[in-house]
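Student: This is the structure I want to talk about, given as structure tokens.
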Number of protein chains: 2
Amino acid sequence: MTTANGTSFEVTERTRLRRRPARGAYDEATVFGILDAGIVAHVGYAIEGQPRVVATAYWREGRTLYWHGAAGSQALRAQAGGIPICVTVSQVDGLVLGRSGFAHSLNYRSVMAFGRSEAVTDRAAKRRGMDAFIERLYPGRTREIRRVQDAELDMIAVIGMHIDEASAKVREGGVNEKDEDLAGPGWAGVIPVHTTLGAPCTDARIGTGVALPPSIGAFTQDARLDLALGENARAVRD
Amino acid sequence: MTTANGTSFEVTERTRLRRRPARGAYDEATVFGILDAGIVAHVGYAIEGQPRVVATAYWREGRTLYWHGAAGSQALRAQAGGIPICVTVSQVDGLVLGRSGFAHSLNYRSVMAFGRSEAVTDRAAKRRGMDAFIERLYPGRTREIRRVQDAELDMIAVIGMHIDEASAKVREGGVNEKDEDLAGPGWAGVIPVHTTLGAPCTDARIGTGVALPPSIGAFTQDARLDLALGENARAVRD
């Protein structure tokens with residue numbers, strides 16, 4: 001795994017990879033790189049021992065992750081109180097087929113991040129958050145559209161989670177087979193998996209003279225979503 | 001949402017969609033369709049109130065979901081004891097951009113399933129499970145490769161979860177904007193997102209005369225992963 005020159009997350013009992021430690025990484029560059037290339041996180045929390053995992057879009061500012069939803073949402077109301085959270089972001093990069101069932105695997109990138117949820121209640125902070133969310137996906141978009149209304153801000157809840165601990169786990173490359181299986185019959189290899197963009201489909205109510213906006217410039221047809229998102233995250237940051 | 005002619009999951013306090021109930025579905029056809037089109041589930045569980053969400057490949061037999069991993073895995077050891085679990089499977093289908101921040105959204109399909117974990121400890125059952133897992137991904141693959149060894153079965157843990165409750169949530173279609181924003185300036189529309197397959201990359205140690213196997217027939221270059229997985233699931237079932 002890449003070792004960043006910069007800061008790393010502390011390796012804790014909760015995040016230390018016991019199985020296949022070579023697949024683990026704790027440096028911000030790897031962790032943030034995976035987070036910034038993703039669009040949906042799986043947010044886990046528990047109420048009276050009952051776990052729930054909610055898939056939700058998210059954004060990141062430094063070591064804090066944010067997500068939002070309807071103010072009345074049961075999940076967000078529970079999280080607003082400040083509870084332990086585990087956020088996992090994962091992406092499949094390939095199907096790995098070996099000459100034994102055991103050697104079959106997936107190539108993937110994933111991050112598991114731990115922290116406590118906290119409600120963002122201040123209207124100005126919610127506005128900044130929602131704008132940052134839009135800008136993370138579509139740089140410059142907030143200047144292309146009208147301003148968020150106060151009434152809209154009041155209809156949503158924004159939750160933040162400072163990442164107290166995080167680890168990345170990555171499998172990449174080819175088939176790992178036992179030596180005894182190398183001579184065996186049959187095919188083995190990797191089938192790459194990519195998430196890509198289709199051609200933008202303009203809303204039927206838009207006039208024919210309206211061009212595609214600069215904010216979706218990275219989302220060209222057949223572009224990879226993870227690379228476009230990573231590029232956009234850097235564009236906003238730089 | 002499609003209403004299946006067949007069986008539905010009971011709508012419970014835990015699974016009833018309070019927000020946007022029109023996006024919810026509880027019929028097996030919809031729930032199983034999303035599960036069979038996915039490859040990685042996010043499995044949530046909690047230990048002493050601390051949630052964890054682990055991304056893992058899975059398979060399904062009727063109303064039971066299965067996943068596996070190294071026998072020594074902390075997560076699987078915790079789950080082997082029989083604890084409440086929430087399994088969430090989600091897929092992004094499109095980026096939705098409106099002429100207000102509020103009208104931005106994602107098209108997606110997701111399933112949230114609740115149950116209790118249970119270890120599959122019998123070696124024969126583990127073997128059937130691992131074969132079913134391989135066959136779900138690559139129909140006929142178990143006949144192309146050598147048999148799973150007992151020693152290999154002993155190195156893994158297999159966890160099953162009967163789905164006690166489940167709901168699906170789907171957003172599809174175009175932009176939902178307020179009437180007052182329709183006349184506004186700028187572009188609005190949907191950018192489709194698809195997860196697709198690249199060209200199979202044969203392992204360097206395979207002879208040049210070895211053809212691609214029938215088991216990966218659905219994974220042709222540029223094919224959609226979700227459709228190929230759904231097709232394979234039907235091929236195994238029928």
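Student: Could you identify the single residue in A:Ser73, A:Ser90 that is of a type in the set (S, T, N, Q) and touching a strand residue (DSSP E or B) at 6+ places or on another chain (Cβ under 6 Å)?
Tutor: Working: A:Ser73 fails: touching a strand residue (DSSP E or B) at 6+ places or on another chain (Cβ under 6 Å).
Sole residue among the options that is of a type in the set (S, T, N, Q) and touching a strand residue (DSSP E or B) at 6+ places or on another chain (Cβ under 6 Å): A:Ser90.
Student: I'd like to verify a number: residues in the range B:128-181 that are within 30 Å of A:Ala204 (Cα to Cα) and without any contact (Cβ under 8 Å) to a residue 60 or more places away in the chain, how many? Write out each step before concluding.
Tutor: Taking the range B:128-181 first, the residues within 30 Å of A:Ala204 (Cα to Cα) are B:168-181.
Next, from what is left, pick out any that are without any contact (Cβ under 8 Å) to a residue 60 or more places away in the chain: B:179-180.
Of the residues in that region, 2 qualify.
Student: So, one more: Pull up the range B:178-188, narrow it to residues that are touching a Ser or Thr at 6+ places or on another chain (Cβ under 9 Å) and at the interface with another protein chain (Cβ under 8 Å from one of its Cβ atoms), then point me to the one that is surrounded by the most Cβ atoms within 10 Å (Cβ to Cβ).
Tutor: That would be B:Ala188.
Student: In the range A:1-32, how many are outside any loop (DSSP other than H, G, I, E, B) and crowded, with 21+ Cβ neighbours inside 10 Å? Spell out how you get there, then give the answer.
Tutor: Going through the range A:1-32, the residues outside any loop (DSSP other than H, G, I, E, B) turn out to be A:8, A:21-25, A:27-32.
Imposing the further condition that a residue be crowded, with 21+ Cβ neighbours inside 10 Å reduces the set to A:25, A:30-32.
Residues meeting the conditions: 4.
Student: Does B:Arg52 satisfy the condition of being surrounded by fewer than 19 Cβ atoms within 10 Å (Cβ to Cβ) and under 20 Å from A:Val40 (Cβ atoms)?
Tutor: Working: surrounded by fewer than 19 Cβ atoms within 10 Å (Cβ to Cβ): no; under 20 Å from A:Val40 (Cβ atoms): yes.
Considered against the rule, which asks whether it is surrounded by fewer than 19 Cβ atoms within 10 Å (Cβ to Cβ) and under 20 Å from A:Val40 (Cβ atoms), B:Arg52 comes out as no.
Student: Would you be able to tell me the number of residues in the range A:20-67 that are under 19 Å from B:Thr88 (Cβ atoms) and in contact with a Leu (Cβ under 8 Å, 6 or more places away or on another chain)?
Tutor: The qualifying residues number 8.
Student: Only one of A:Ile191, A:Ile159, A:Ile206 is under 30 Å from A:Arg16 (Cα atoms) and facing another protein chain (nearest Cβ under 10 Å). Can you tell me which? Break it down stepwise before answering.
Tutor: Details: A:Ile159 fails: facing another protein chain (nearest Cβ under 10 Å); A:Ile206 fails: under 30 Å from A:Arg16 (Cα atoms).
Checking each option against the conditions leaves just A:Ile191.
Student: Give B:Ala78, B:Ala70 a once-over and let me know the one that is more than 10 Å from chain A (Cβ to nearest Cβ) and not charged (D, E, K, R).
Tutor: After applying the criteria, what remains is B:Ala78.
Student: If I filter the range B:98-118 for residues that are in a loop (DSSP other than H, G, I, E, B), more than 30 Å from B:Val175 (Cβ to Cβ) and free of Cβ contacts under 8 Å to residues at least 24 places away in the same chain, do I get at least one hit?
Tutor: Applying the first criterion (in a loop (DSSP other than H, G, I, E, B)) to the range B:98-118 yields B:98-99, B:104.
Next, from what is left, pick out any that are more than 30 Å from B:Val175 (Cβ to Cβ): none.
No; the residues of the range B:98-118 include none that is in a loop (DSSP other than H, G, I, E, B), more than 30 Å from B:Val175 (Cβ to Cβ) and free of Cβ contacts under 8 Å to residues at least 24 places away in the same chain.
Student: OK, next. Could you tell me which numbered condition B:Ser167 fails, if it satisfies all but one of (1) surrounded by 21 or more Cβ atoms within 10 Å (Cβ to Cβ); (2) at pLDDT below 95?
Tutor: (2)
Student: With the requirement that a residue be hydrophobic (A, V, I, L, M, F, W, C) and buried (at least 21 other Cβ atoms within 10 Å of the Cβ), what does the range A:104-119 give you? Walk me through it before giving the result.
Tutor: Filtering the range A:104-119 down to residues hydrophobic (A, V, I, L, M, F, W, C) leaves A:106, A:111-114, A:119.
Those that are hydrophobic (A, V, I, L, M, F, W, C) and buried (at least 21 other Cβ atoms within 10 Å of the Cβ): A:Val111, A:Met112, A:Ala113, A:Phe114.
Student: Find the helices (runs of 4 or more DSSP H) located wholly in the range B:125-238 whose residues include 2 or more that are within 24 Å of A:Ser105 (Cα to Cα) and within 16 Å of the chain's Cα centre (by Cα), and list them. Spell out the reasoning first.
Tutor: Values: elements: B:141-144, B:150-155, B:179-182, B:225-237.
Of the helices (runs of 4 or more DSSP H) lying wholly inside the range B:125-238, those with at least 2 residues that are within 24 Å of A:Ser105 (Cα to Cα) and within 16 Å of the chain's Cα centre (by Cα) span B:225-237.
The values are calculated or read from the model by the stated rules, or taken from the named source; none is laboratory data. Worth saying up front: this structure is predicted, and the values here are computed from it rather than measured. Using ideal geometry, Cβ is built from the backbone for each residue, glycine included, and neighbour counts are taken over all protein chains shown.
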